[in-house]
Every structure is written in C-alpha cells, then in structure tokens.
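Have a look at the structure below, then the notes.
The values are calculated or read from the model by the stated rules, or taken from the named source; none is laboratory data. Bear in mind the structure is a predicted one, so any value in this text is a computation, not a measurement. Please note: Cβ atoms are built from the backbone with ideal geometry, for glycine as well, and neighbour counts cover all protein chains shown. Calculation scope for accessible area: heavy atoms of the full protein, side chains included, ligands and nucleic acids excluded. Shrake-Rupley method; radii C 1.70, N 1.55, O 1.52, S 1.80 Å.
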Amino acid sequence: RGTRRKNFMCFNVVFSFRICEEGKENIPEHPYLYETDVEICLIGGSCKSPIERFWNGNDMIYILQKATQNEEGDPVEESKPDDTSYALELLPKESSGPVALSVRRAKQLISLYTMVQNPNMGHLKTGELVVLPPLGIRCDGSDPEHTYWLGAEPLKAGKKITGINLYMVTCDGPTADKSCFANLEELITAHKTMHHSSIVMTKGSARYELLRAAALEDTIVESKSNVYVDMTWNTVNKILETPPLTSAATLNITLEAGDPGSPVYQLYRELQFLLALAEGLKTGVTQWPEPLESESAVEQVQELLADLKNKLDRFCISENENRTEKIKCDTAAVDSSIKSLFSERGDLDFAEQLWCKMRSKCVSSYQELVECFALVIKSLERGEIQPWIHQGSSSLLSKLIQQSYHGKIEVVSLSGITPIQMLLEIGLDKMKKDYVSFFIVKSGSSLLFQDYFISTSVDLQEQVHRVQKLHHMLEIMVSCTVLLQFKHENLFPLTQICMKYYKENPLNEKHVFQLPIRPAVVKKFCQNDDPEIWKVDISSGHGQKEVRTTWQVSTSPPVEHMTSNNTGLFSDSTVNGSSEERMYYIAMAKCSQVHFT
C-alpha cells in the first residue's frame, strides 16, 4: 500500500507540474491548490522571483507555499489512494500574502520533485520524463537552522537530466551586533570543505540608499521616491568592505513628483493647475482653486493690459525682474546652488505672461476666466495692444493675436468649454517651452526633442499627458543634480534613458530608471554610510558543476514570508545600549549537488 501511495504521489506531482507547464505562455495570476495543504505558483515573464537575491534561476520557477484556505492535517499522513479527485484541484486562490510550509513538509516535497526528475526511478511509472523548471519552497524557519527556502533545479546535459542542484536559504536577525557576522576566511574554508574545491572565486555586491524619507516640520513625509546604487566587484577581501572604485555601479531611480522640498515644486503646482483644466475639459466639471491673494485675476489682467498699452518694453524688463525676485523668495529655504537650477525663462511672450498672471493669482471661477479673456479680446479688437508671441504657437489666443496685426480678428464666443480650452492651450505652450529650455541647457538634449514631447498634432489630453512625462523627467534630473551634483556626463545619458522609456510607455512614477555610473560619483555615500544590503558570493566549479555559497546582510527581511514572531535569535539585541546602530538580517544560501549518473 505504501508503494502504491508513493507512485500516486509522484504521478500527482508530474501531473500538476505538467498542467502548469502547458499553461506557461499564459501564467496564472493566482496560486492553484495542489493537495490539501499546498498551493503552487508559476513565476515567470515580467514577474519578479521572490528568491532571485540568492539564486539566479531560469526565466520560470515554481513556488510552493502553504495553502491559505485549507489548514487540515498533513496529507502524507492520510490514506486516500483511491480518491482520484485528490490528485489535483486547480482552483484560483485569493491570499493576503504568502504563507510558509513547515521545513519537514518542504523536505518531503523536495524529495518528490527529485524522484520525478531522476531517470533511474522509472519503476515509479511517472510517465515520460519532462525537465521541469526550478522549484522553490517557502519554509517557516522552525528548524534549528532557521530555514526559509528550500529549492531544487535539474542539472542537464542536452536534454538528459544528470542530477539535481539543491538549495537552502537560512536567516537570522535583525541584530546590530556585528560580532555575529561571519568571517570571510571561515566561509571560504567551509565552502572548500563542503565541495572539495581547491580554487574559489569571490564576488561582492552592495546597495546604498541615497535618498531617504524627507522630514517636514518634525514629521516624516511618506514618499515612494527612492534613489539607490547597486555596486558589484570581484575579489572580496573582508566582510562589509567598502566597494572599490573599480566596481560596476548602477544608479536606480524611482521618483514620485510633488515633493514640497524640490526646487521645482512651484512648477509642479503649475502643472497641477494645468491638469485641473484638462480634467475640466474632459468631464465638464472644473475644480477651481481657492484664491491665494485679495487681488483677483481680473485685476491682474487689467494691469497687464494697461502696462502693455503704455510701454511694452518697460513691462518686459519690470516683469522679468519681479519674477526673478519671486523665485528667490519661493526658494529661500533652498541652498543657493539649487536656486539657479530652474528659473523662469526671460523670453515670455504675451500669452505666457497672461498664463502666469491667471495661474499665479489662481482664477477661481469660470466667470472670472471669461472676464479675463473678454478683456484681452476687447483690447485686441480695438487695436489697443499688439503684443508679440513666439512663432509656432497653435493656441487660439495666439491666432487671434496674429490676426490683430492685420487689423481684424474672428469672433470668438466665450461660452461652453472655449475659455477653459483657451487657457489650457496657452498653459501647454508655456510649460512645453519651460521643459525644453531646461533639458537643452542642463543636459544638452536638444537633438532628442523631436516631435513626440512637444507635438501639437495630437489632441490636448494627450499633449497634457506628455507634459506630465516631461515633468517627471525634470524631477529626476533635478534630484540627481542636487543629490549627486550630476553634470552633462551623466545628465545626458539619463535624459536619453528617460525619453526612450516615455516615448514607448505611459506615465509611471513607479518605474525604476537605471543608469550605469562611475563609482567615484557615489564615493562619499559608500564611505560614510552603511549599506542597505551587502553580499558576498563564493563560487567554485564551472558550468553545470558550479556551486555557490552566499552570505548576506540586509536592513530589511530578505525573505518576504518571515513573520515578526520568528525573526531569529537577535531581534532584541543592541550594542552598547545604543539604538542608533543599524540593524541587519543575516542570511546564508548554500547549494549541493546530487548526480544521477
């Protein structure tokens, strides 16, 4: 009966894996129930493997974890050999998060997987031998070693399976006591002894976080922004060594726009006003902001027109001086080197000046907007003003101004969505020129600015969406310039990377932009700060015979299914009574090989 049970279990494993194999081109979104206590996930494609830190597996991997909707007894200890419905229940499962299996149960499943892949086990009648993708099993760390992952991967020679790579990941912590850290020589010796190796190679990697949560009035402002650098190098000399300047360094940038401390926060607010207009144009309902000053937008427009009537040249000089002073006030709390990072252009035409008046004084109602444009159109009709505008502008107001040069303008009905569209158009024109000016001056990317980001051939909503992309790119450039003192050497390729992404993808503030940089750029961070992650890989052998030992420390749990009540022996430890010491989780990954032939 036991043999029959084992044969059935092996068939069960192959059957379930094959069904997932057949569906790998359409990877299931949710886990599927396999037996009564285990569910199976197929991870691949764009999905991030939960074990990739320790094991660079294939493009696809099976993850086994505890079933969240059935917590009955261990099915291995139950006897249901004749119940065919027990073989597999492919039902989509909803879960709040992954739950680990006991280490004992995980070892049973690893054994079954290994038997199914062993060509010498034909007497189990598992059918045609299929090379399965690697397997990872979440463990609960309940054993003395605190094991959190067990894994297996077939070794192949062509299409023939020659053995199995077995993996184990253990973890303890967090702790600030560095005396708990391993000694590199001891790690190397243990690896040589385990794998009978005389020659080993070491490779180090480290991650440093460069941008932390901002403090505003003694309150931590939660932000999704993150700037960190990943460093890799060959030949490690000691644990937690600082990456050498010969390392390969990659900057990773995820930036959420709208940080009040950003030098371009005023431009972000200007963009929000533009977005409100675009939303109003789309839905028919505009959320007008509260007026910030007692002087209305209508009064500001009247002053603008009066000054223009008197002497346009004097107005331009005066306005540019006033706006420079305003920027100095707005950025008074920012370092002087940052103030000049983004300043108002000095070549604002009449339409752009009108936008600035109506935006900065916050047009607070539809009626006020109509009154402002009525004043402008009336002055144009009477020939009281003949303002200059930039060439290439396609806004309705610009067309009216051009017509006024010839003494006659078309009749415009300031009703319905027309006034909102007119204001949106001049705001789009102005902000496009702002962004183009920055990217040309700061990053020298004039050749990259072809039609896509500033095109007027698409509808207004799409133009607004592309301006949002420009602003996100701007915030990335400004943050890197402030944080890392980026010059053209790095700004130009970073701009290229961002533009290439945004020509092909919608706005995504969660996207991680990656830029290879020289380690010298982040040298001070590596020397003065502790890493978020530090890891050493010790390897020997080549190709299919390569084996690796990994030792890692990290400030966050390296295993997502670790729970607060089983984070190891050191969770309450401190050093010298100091709470300032950085707390680290300590993880170790080992592998061993079993050969079938």
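Looking across segment 163-197, just one residue is open to solvent by 60 Å² or more (accessible area, probe 1.4 Å), touching a strand residue (DSSP E or B) at 6+ places or on another chain (Cβ under 8 Å) and either free of Cβ contacts under 8 Å to residues at least 24 places away in the same chain or not in a helix (DSSP H, G or I) (or both), and that is MET168.
Out of all the residues in segment 583-594, is one or more modelled with pLDDT under 90 and farther than 28 Å from SER179 by Cβ? Yes, the conditions are met somewhere in segment 583-594. Name the single residue, out of those in segment 410-455 being surrounded by 19 or more Cβ atoms within 10 Å (Cβ to Cβ) and more than 18 Å from LEU277 (Cβ to Cβ), that is modelled with the highest pLDDT. Checking each candidate, the answer is PHE453. Look at segment 479-506: where a residue is farther than 27 Å from SER455 by Cβ and a partner is open to solvent by less than 80 Å² (accessible area, probe 1.4 Å) and assigned to a helix (DSSP H, G or I), sitting 6+ places away or on another chain with Cβ atoms under 6 Å, you get VAL482/ILE338; LEU484/VAL521; PHE486/CYS480.
Taking into account only those residues within segment 35-68 that are modelled with pLDDT under 80 and of a type in the set (Val, Ile, Thr), which is nearest to the chain's Cα centre (by Cα)?
Narrowing segment 35-68 to residues modelled with pLDDT under 80: 35, 44-60, 68.
Now drop any that are not of a type in the set (Val, Ile, Thr), which leaves 51, 68.
Values: ILE51: 18, THR68: 29 Å.
The residue in question is ILE51.
Given the structure, is ASP259 among the acidic types (Asp, Glu), modelled with pLDDT of 95 or more and surrounded by 14 or more Cβ atoms within 10 Å (Cβ to Cβ)? No. Whether a residue is polar (S, T, N, Q), modelled with pLDDT of 85 or more, surrounded by fewer than 17 Cβ atoms within 10 Å (Cβ to Cβ) and assigned to a helix (DSSP H, G or I) was assessed, and GLN300 does not pass this test.
Restricting segment 131-162 to residues that are in a loop (DSSP other than H, G, I, E, B) and open to solvent by less than 40 Å² (accessible area, probe 1.4 Å) leaves a set whose member that is nearest to ASN120 (Cα to Cα) is LEU132. Here GLY280 meets each of (1) open to solvent by less than 70 Å² (accessible area, probe 1.4 Å); (2) modelled with pLDDT of 90 or more; (3) within 26 Å of the chain's Cα centre (by Cα) with one exception, condition (3).
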